[in-house]
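One structure is given below, encoded as structure tokens.
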Amino acid sequence: MSEAVRASVVPAATRAEYCVIACAEAWRDAGEILASPMGVIPSLGARLARLTFAPDLLLTDGEALLVGPDGTVEGWLPYRRHLTLAAGGRRHVMMGASQIDRYGNQNISCVGDWNRPVRQLLGVRGATLNTLNHATSYWVPKHSPRVFVERVDMVCGVGYDHAGGARHHHLARVVSDLGVFDFATPDHSMRPASLHPGVTPERVREATGFELTFEGEVPYTREPTEAELRLIREVLDPGGARTQEVPDLVAGA
């Protein structure tokens, strides 16, 4: 193989890169809404979406500036305007979850009884209002029964069984290192929407502390295009920070 041909061959996507794609898809065709990703891979996903299939997506520096995918300042977002977007359904946040249950209730506050917790975590923070006021997704870099639990120890982010018909409540997806999960079932219980290549339903069942709703054959998470892989590897994350959240593993291995 010549050097020119060798240079043009794009290596197979890794598990981390499938996770980036899965996070990016949360904002597909979202229009002009505020994206608030939390974590390296969700942030890469939001920036990739902005560069490809969600060109009107609004990104911030986490404080008061609107920025482009490369961090270039594009505008000012005063706090009052941020709150207007958030309270009016024009924001989509992707948060983490120390625990999450079958109906999408999320816990980031404590492990164990709230009165005498075994472990103190981040605290409720804005999770409750996020889930009630605008679209919310979750990112879990290590899928395990300790995170995917039968019942969360404390409800921070509100799931479908506690939402009470809130106007803007919408849990879009949960992305983990094993697959993508949503709540598109009659009772809004969690189901696998796609599994990353190399992941089996049996492995997902073993790593989940409750019974997932499987509906027929579950497809694989879509493959990144060559253009998307080049953007991830050469533009958005040439230093490979994504592997800090999901270790480098060729999908399917």
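The values are calculated or read from the model by the stated rules, or taken from the named source; none is laboratory data. Nothing here was measured: the structure is a model prediction, and the numbers come from that model. For neighbour counting, all protein chains shown are included, and Cβ atoms are generated from backbone atoms with ideal geometry for every residue, glycine included. Side chains are part of the model used for accessible areas, which takes the heavy atoms of the whole protein and leaves out ligands, DNA and RNA. Shrake-Rupley method; radii C 1.70, N 1.55, O 1.52, S 1.80 Å.
General remarks:
- Here Leu178 does not fit the description of being among the hydrophobic types (A, V, I, L, M, F, W, C) and either farther than 24 Å from Asn105 by Cβ or without any contact (Cβ under 8 Å) to a residue 12 or more places away in the chain (or both).
- If only residues of segment 78-99 that are open to solvent by less than 20 Å² (accessible area, probe 1.4 Å) and under 25 Å from Glu245 (Cα atoms) are counted, the one that is farthest from the chain's Cα centre (by Cα) is Gln99.
- Qualifying residue in segment 44-56 (condition: within 11 Å of the chain's Cα centre (by Cα), crowded, with 21+ Cβ neighbours inside 10 Å and aliphatic (A, V, I, L, M)): yes
- Hits in segment 40-80 - residues which are farther than 16 Å from Arg28 by Cβ and of a type in the set (Phe, Trp, Tyr): Trp76, Tyr79
- Residue under evaluation Gly75, criteria (1) open to solvent by less than 30 Å² (accessible area, probe 1.4 Å); (2) part of a helix (DSSP H, G or I), criterion not met: (2)
- Selected residue (only one of Pro145, Pro219, Pro117, Pro197 is farther than 21 Å from His92 by Cβ, at pLDDT below 95 and of a type outside the set (D, E, K, R)): Pro117
- Some residue of segment 111-123 being in a loop (DSSP other than H, G, I, E, B) and within 28 Å of Pro219 (Cα to Cα): no
- For segment 34-43, taking the residues that are open to solvent by 30 Å² or more (accessible area, probe 1.4 Å) and under 19 Å from Glu74 (Cα atoms), the one that is nearest to the chain's Cα centre (by Cα) is identified as Pro37.
- Verdict on Arg102 being surrounded by fewer than 24 Cβ atoms within 10 Å (Cβ to Cβ) and not aromatic (Phe, Trp, Tyr): no
- Strands (runs of 3 or more DSSP E) lying entirely in segment 138-250 (those with 3 or more residues that are out of contact with any strand residue (DSSP E or B) (no Cβ under 7 Å at 6 or more places or on another chain) and surrounded by 13 or more Cβ atoms within 10 Å (Cβ to Cβ)): none
- Checking Thr208 against (1) among the β-branched types (Val, Ile, Thr); (2) farther than 20 Å from Gly45 by Cα; (3) out of contact with any Phe, Trp or Tyr (no Cβ under 7 Å at 6 or more places or on another chain), the condition it does not meet: (3)
- Scanning segment 10-53 for residues being assigned to a loop (DSSP other than H, G, I, E, B), within 15 Å of Thr225 (Cβ to Cβ) and not charged (D, E, K, R) gives a total of 6.
- The listed residue being within 16 Å of His134 (Cβ to Cβ), surrounded by fewer than 18 Cβ atoms within 10 Å (Cβ to Cβ) and free of Cβ contacts under 8 Å to residues at least 60 places away in the same chain, out of Gly68, Gly31: Gly31
- Of the residues screened, Arg81 is one that is of a type in the set (Lys, Arg), outside any strand (DSSP E or B) and within 26 Å of Leu171 (Cβ to Cβ).
- Taking every residue in segment 100-124 that is within 13 Å of Val158 (Cβ to Cβ) and pairing it with any residue that is buried (at least 17 other Cβ atoms within 10 Å of the Cβ) and of a type in the set (Asp, Glu), at least 6 positions away or on another chain, the pairs with Cβ-Cβ distances below 7 Å are Asn107/Asp153.
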